[in-house]
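The values are calculated or read from the model by the stated rules, or taken from the named source; none is laboratory data. Remember, predicted model here, so these are calculated numbers, not experimental data. Every residue, glycine as well, gets a Cβ built from its backbone with ideal geometry; the counts of neighbours run over all protein chains shown.
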Amino acid sequence: MEHNQHGFPEGFLWGGATAANQIEGGFREGNKGLNISDVLPGGKERLKILMSPGFNFEIDNEKYRYPNHEAIDFYHRYKEDIALFAEMGFKVFRMSIAWTRIFPNGDELEPNEEGLAFYDRVFDELHKYGIEPVVTISHYEMPLHLVKEYGGWRSRQVVTFFERYATSIFNRYKDKVKYWMTFNEINGALKMPIMSMGFSPQNEEVRYQQTFQAFHHQFVASAMAVKTCKQIIPDAQIGCMILFAPVYSYDSNPENVLYALKEEELFNYFCADVHVRGVYPTFIQRFFKEHSVELEIQDGDLELIKEGTVDYIGLSYYMSRTDKKVKAEEEKANGNIVGGVKNPFLKASDWGWEIDPVGLRISLNKLYGRYQVPLFVVENGLGAYDQVEEDGTINDDHRIDYLREHIKAMEEAIADGVELMGYTSWGCIDLVSMSTGEMSKRYGFIYVDKQDDGSGTLERKPKKSFYWYKNVIATNGEQL
Ligand code: BG6
């Protein structure tokens with residue numbers, strides 16, 4: 001790729017992104033087992049409920065509604081959806097494989113043929129239109145059995161189960177999938193371990209010990225997956241996936257600047273350092289000492305981590321985070337998952353996520369400056385209410401404005417010298433929100449007639465942004 005160029009390089013990977021649990025539905029079809037998102041109730045309190053002490057990880061249809069069970073029924077409608085992606089000109093489609101379609105409980109010895117066959121059909125359909133799949137191996141879809149019986153990623157045994165799962169899908173799809181990522185937003189577990197690690201620390205005292213031990217297991221599993229992937233699919237590219245929200249110091253008080261730096265190291269860089277450089281960063285040793293973290297590391301783990309480094313960094317970017325060392329309750333930013341205080345220079349979405357396209361340019365520069373490996377923006381987008389007009393049109397100019405500014409920021413980052421592989425905007429078709437379970441928090445270019453109460457026909461309808469994005473792709477980002 002040519003550096004410091006204006007515009008987008010030839011072969012730039014334009015597309016959209018999803019996750020199995022948020023689109024597929026068919027939660028009991030094809031021998032699929034239950035996963036963590038299958039016990040997530042709908043509503044803004046869903047993550048609190050999941051993390052509450054004593055939560056039994058059972059489905060209780062009397063008490064709750066479960067929007068992920070049907071989601072948008074991609075399981076049955078994937079042909080129609082992929083045809084629409086093709087109409088927009090997608091070069092790639094980011095999706096995840098549901099671990100429980102392949103290993104329903106997670107600890108079986110043999111994979112489930114019906115699950116494997118489903119993704120064969122999806123990949124074939126994508127290739128019919130020349131769309132390359134970009135596959136996340138684990139996106140908030142951990143088998144529930146591994147959560148209940150093994151305590152999630154706290155258990156070393158899960159490494160073996162994951163390796164079996166990853167090896168099965170590499171073998172099966174070696175001719176169909178060339179772009180892979182291991183764990184979605186791996187660093188997000190520092191804020192919310194339940195969705196990706198399958199446990200909530202028992203108390204504050206053991207929080208870091210348990211979380212970092214689970215990270216260690218995931219690093220080993222990721223490195224094994226990278227090595228196996230390279231053996232089975234030599235022309236594959238396999239990346240990690242980081243939730244990146246650059247941390248701005250609230251002001252020039254050195255205490256706040258230092259605080260922002262340390263938060264950034266821990267939250268934004270720690271996992272990426274291990275994945276990309278293949279070693280634990282030195283700054284984490286002090287953190288471990290101060291929080292009494294003692295990792296159990298088996299012989300060969302560190303060598304494996306060194307050998308299994310990733311080819312690229314996939315990142316999600318939704319917002320920046322402004323922060324200070326001591327903050328009053330009323331200063332805290334509302335609604336976002338990364339914390340911090342309100343930034344007076346930024347507007348926020350209806351869900352309180354601050355909108356900061358310049359922050360994307362900053363993020364890409366920071367990451368590329370630190371690692372010099374290709375970057376891939378695999379999530380970015382605006383969760384917003386959409387209005388269906390009387391004539392049936394959906395004029396989502398707010399979304400177009402948001403995406404335009406973020407795409408411009410990527411273009412600037414490329415001109416800055418950043419090596420950027422592609423862009424898959426999040427929720428290219430409306431899907432179930434991860435944090436709230438709402439359908440009304442819509443991200444898509446394609447409207448899905450499904451409402452928060454579960455009603456709706458599931459009919460698909462292109463929004464105004466559909467035609468806008470189609471032209472963006474057709475002109476390789478020249479016409480925004
Ligand atoms: C990312 C996740 O954190 O943000 C997605 O990888 C999620 O799964 C996306 O859907 C947007 O968050 P939300 O809560 O608006 O769905």
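Of all the residues that make up region 247-298, how many are in contact with a Lys or Arg (Cβ under 6 Å, 6 or more places away or on another chain) and within 24 Å of residue 309 (Cβ to Cβ)? Please lay out each step first, then the result.
Let us first name the residues in region 247-298 that are in contact with a Lys or Arg (Cβ under 6 Å, 6 or more places away or on another chain), namely 247, 250, 255-256, 259, 278.
Of the ones still in play, those that are also within 24 Å of residue 309 (Cβ to Cβ) are 278.
Counting residues in region 247-298 that are in contact with a Lys or Arg (Cβ under 6 Å, 6 or more places away or on another chain) and within 24 Å of residue 309 (Cβ to Cβ) gives 1.
Answer yes or no: is there a residue in region 407-429 that is part of a loop (DSSP other than H, G, I, E, B), within 16 Å of the ligand (Cβ to nearest atom) and buried (at least 24 other Cβ atoms within 10 Å of the Cβ). Write out each step before concluding.
Kept after step one, since they are part of a loop (DSSP other than H, G, I, E, B), are these residues of region 407-429: 417-419, 427-428.
Next cut, within 16 Å of the ligand (Cβ to nearest atom) only: 427-428.
Now restrict to residues that are buried (at least 24 other Cβ atoms within 10 Å of the Cβ): 427-428.
Yes, the conditions are met somewhere in region 407-429.
Limited to region 269-283, what total is found for residues that are in a helix (DSSP H, G or I) and either at pLDDT below 95 or closer than 20 Å to residue 241 by Cβ (or both)?
Quick first cut of region 269-283, residues in a helix (DSSP H, G or I) only: 269-277, 283.
Cutting the leftovers down to either at pLDDT below 95 or closer than 20 Å to residue 241 by Cβ (or both) gives us 269-277.
Within region 269-283, residues that are in a helix (DSSP H, G or I) and either at pLDDT below 95 or closer than 20 Å to residue 241 by Cβ (or both) number 9.
Would you pick out the residues in region 302-341 that are buried (at least 17 other Cβ atoms within 10 Å of the Cβ) and acidic (Asp, Glu)?
Within region 302-341, 311, 323 meet the criteria.
Note down all Cβ pairs under 6 Å where the first residue falls in region 436-454 and is in contact (Cβ under 8 Å) with a residue 24 or more places away in the chain, the second is near the ligand (Cβ under 10 Å from one of its atoms) and aromatic (Phe, Trp, Tyr), and they're at least six residues apart or on different chains.
Pairs found: 443/426.
Can you pull out every residue in region 302-349 that is of a type in the set (Val, Ile, Thr) and either away from the ligand (no atom under 16 Å from the Cβ) or modelled with pLDDT under 95 (or both)? So that I can check it myself, show each step before the final result.
Keep residues of region 302-349 that are of a type in the set (Val, Ile, Thr), which gives 305, 309-310, 313, 322, 326, 337-338, 341.
The answer is 305, 309, 310, 322, 326, 337, 338, 341.
Taking only pairs six or more apart or across chains, which ones have beta-carbon atoms under 8 Å, a first residue in region 357-381 that is in contact (Cβ under 8 Å) with a residue 40 or more places away in the chain and β-branched (Val, Ile, Thr), and a second residue that is within 16 Å of the ligand (Cβ to nearest atom) and in a helix (DSSP H, G or I)?
Correct list of pairs: 377/360.
Results for (1) within 11 Å of residue 68 (Cα to Cα); (2) at pLDDT 95 or above; (3) touching a Cys at 6+ places or on another chain (Cβ under 7 Å); (4) surrounded by fewer than 21 Cβ atoms within 10 Å (Cβ to Cβ), shown as yes or no for each residue.
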| position | (1), (2), (3), (4) |
| --- | --- |
| 2 | no, no, no, yes |
| 12 | no, yes, no, yes |
| 16 | no, yes, yes, no |
| 28 | no, yes, no, yes |
| 31 | no, yes, no, yes |
| 37 | yes, yes, no, no |
| 44 | no, no, no, yes |
| 48 | no, no, no, yes |
| 51 | no, no, no, yes |
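Just name the residue that is farthest from residue 436 (Cα to Cα) out of those in region 365-401 that are buried (at least 16 other Cβ atoms within 10 Å of the Cβ) and within 13 Å of the ligand (Cβ to nearest atom).
377
Looking at (1) within 19 Å of residue 351 (Cα to Cα); (2) within 16 Å of the ligand (Cβ to nearest atom), which one does residue 448 not meet, given that it meets all the others?
Of the numbered conditions (1) within 19 Å of residue 351 (Cα to Cα); (2) within 16 Å of the ligand (Cβ to nearest atom), the odd one out for residue 448 is (1).
Return the only residue of 116, 146 being modelled with pLDDT of 95 or more and surrounded by fewer than 21 Cβ atoms within 10 Å (Cβ to Cβ).
Details: 146 fails: surrounded by fewer than 21 Cβ atoms within 10 Å (Cβ to Cβ).
On inspection, the qualifying residue turns out to be 116.
Need the failing condition index for residue 266 against (1) within 19 Å of the chain's Cα centre (by Cα); (2) part of a helix (DSSP H, G or I); (3) buried (at least 21 other Cβ atoms within 10 Å of the Cβ), just the number.
Among (1) within 19 Å of the chain's Cα centre (by Cα); (2) part of a helix (DSSP H, G or I); (3) buried (at least 21 other Cβ atoms within 10 Å of the Cβ), the lone unmet condition for residue 266 is (3).
Per-residue answers, yes or no, for (1) under 22 Å from residue 184 (Cα atoms); (2) crowded, with 17+ Cβ neighbours inside 10 Å:
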| residue | (1), (2) |
| --- | --- |
| 77 | no, yes |
| 90 | yes, yes |
| 108 | no, no |
| 123 | yes, yes |
| 138 | yes, yes |
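Taking helices (runs of 4 or more DSSP H) that fall entirely within region 113-222, which contain at least 2 residues that are in contact with a Lys or Arg (Cβ under 9 Å, 6 or more places away or on another chain), away from the ligand (no atom under 16 Å from the Cβ) and touching a residue at least 60 places away in the same chain (Cβ under 8 Å)?
Values: elements: 113-128, 144-150, 157-173, 193-197.
Of the helices (runs of 4 or more DSSP H) lying wholly inside region 113-222, those with at least 2 residues that are in contact with a Lys or Arg (Cβ under 9 Å, 6 or more places away or on another chain), away from the ligand (no atom under 16 Å from the Cβ) and touching a residue at least 60 places away in the same chain (Cβ under 8 Å) span 113-128.
Would you confirm, using the coordinates I've provided, whether residue 244 is closer than 30 Å to residue 342 by Cα, within 18 Å of the chain's Cα centre (by Cα) and of a type outside the set (A, V, I, L, M)?
Values: closer than 30 Å to residue 342 by Cα: yes; within 18 Å of the chain's Cα centre (by Cα): yes; of a type outside the set (A, V, I, L, M): yes.
Yes.
If you check 440, 455, 433, which single one turns out to be within 16 Å of the ligand (Cβ to nearest atom), surrounded by fewer than 19 Cβ atoms within 10 Å (Cβ to Cβ) and part of a loop (DSSP other than H, G, I, E, B)? It would help to see each step written out before you state the result.
Numbers: 455 fails: within 16 Å of the ligand (Cβ to nearest atom); 433 fails: surrounded by fewer than 19 Cβ atoms within 10 Å (Cβ to Cβ).
Exactly one of 440, 455, 433 is within 16 Å of the ligand (Cβ to nearest atom), surrounded by fewer than 19 Cβ atoms within 10 Å (Cβ to Cβ) and part of a loop (DSSP other than H, G, I, E, B), namely 440.
Output the residues belonging to region 109-162 that are more than 24 Å from residue 15 (Cα to Cα) and among the charged types (D, E, K, R).
Of everything in region 109-162, those that are more than 24 Å from residue 15 (Cα to Cα) and among the charged types (D, E, K, R) turn out to be 110, 113, 114, 148, 149, 154, 156.
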